1. Pop a pseudo-label 7 angstrom from the Cα along the beta-carbon direction at both LYS148 and LYS47 and give the gap in nm to one decimal.
2. Taking the Cβ of each residue in SER206, SER97 as the centre, tally the other Cβ atoms inside 10 Å and list the residues starting with the fewest.
3. Loop-only check: which GluC sites (Glu not before Pro) in segment 48-139 are DSSP coil with at most 12 other Cβ within 10 angstrom?
4. Around THR32, what is the net charge, scoring Lys/Arg as +1 and Asp/Glu as -1 over all other residues with Cβ under 9 Å from its Cβ?
5. Calculate the FRET efficiency for SER212 and ALA118 from the Cβ-Cβ distance with a Förster distance of 51 Å, rounded to the nearest 0.05.
6. Rank these for me by crowding, ARG246, ARG133, going from fewest to most other beta carbons within 10 Å.
7. Hey, fewest Cβ within 10 Å first, where do TYR124, TYR138 land in order?
8. Once both labels are modelled 7 Å past Cα along the beta-carbon direction, what's the ASN204-GLN131 spacing in nm?
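Bear in mind these aren't lab numbers, they're just calculated from the coordinates by the rules spelled out. Predicted model only: the values in this text are computed from it and were never measured. Here Cβ is always computed from backbone atoms with ideal geometry, including for glycine, and neighbour counts include all displayed protein chains.
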Amino acid sequence: MILTVFIIVCIIYQKEGVVIVSLRECVVCGKTFDGAPSAKYCSEECKNAPQYTNEFNGEKWGKLTIIDAYRKKGRVYAICKCECGNTKTVRYDALTSGRTQSCGCFAEANYYKPFDLAGKINDYGCKAIKQIRVGNRYKWECECSCGKHYLVPAGLFYKQMSCGCSHQRSARENLKKAAETCEQGYIENTSIISIKPRKMLRNNTSGVRGVSWDKNRRKWAATIVFKGKTYHLGRYHNIEDAAAVRKEAEDALFGNFLEWFQEVYPERWEKFNKKAKKEETED
């Protein structure tokens, strides 16, 4: 239905000049309102209201046939019926450009076709049982090597190692290693073997533990590590001064700690002594 817009022009004389007021009829509700010559709607409500038209009815685009259409905010929207029986509302320009050709059934049948993984086993011993659709995607129910079932996207079936039990095993192995490390003499982030007096390491070039040459400042630097923290004891021109400072720090930090460890863990202290003697013999 085509509505005719009637324009009534009233001329109002004022002191400063002539003002033209256009009385127009709203194309949606038919009310008369004051507005510019190009105005078509009396309010925002009418502007946003859909204006139905049958001029596009019967057009066929892809699998969609237009059964009704309306204009809204300057755009044309088409209500279409798909060949599969579904109804879908799309923008008219999406139909004419070819971006939309179906209600979604065409893409589902061609682009979202799931992989057939039934009965297949990946390199980690996980077996695919059946596919399950979750939204617009497919996931596979798999049986882990531990016996538990879990869901995984088809694209990750050959990459995922387990239902999560492998991470738990890794965590348990790390805890076991940590326990073994603790047995080897790590107490409060401190290695008993490293702070206990023993033979000099092979990579030591100064001949003094904890003393190294700072080639940028051309001085001897003294450091000491205790309970996971590094203490910088200064830089000295003579290696004797750096060695003396390092020795004082060892007595202050390591002495009481070793005495405490020997008193609290006598059996482990003996084990460390045997291990240290064995290393010296091998060297």
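1. 5.8
2. Numbers: SER206 16, SER97 10.
Exposure proxy ranking, most exposed first: SER97, SER206.
3. On the way: sites: GLU55, GLU59, GLU83, GLU108; in loops: GLU55, GLU59, GLU83.
When the GluC sites (Glu not before Pro) of segment 48-139 are filtered for loop state and at most 12 Cβ neighbours within 10 Å, GLU55 remain.
4. Details: positive: ARG24, LYS31; negative: GLU25, ASP34.
Summing Lys/Arg as +1 and Asp/Glu as -1 gives 0.
5. Numbers: r = 64 Å, r/R0 = 1.25.
Taking R0 as 51 Å, the efficiency between SER212 and ALA118 is 0.20.
6. On the way: ARG246 20, ARG133 11.
Exposure proxy ranking, most exposed first: ARG133, ARG246.
7. Values: TYR124 13, TYR138 17.
Neighbour counts put them in this order, fewest first: TYR124, TYR138.
8. Between ASN204 and GLN131, the label points sit 6.7 nm apart.
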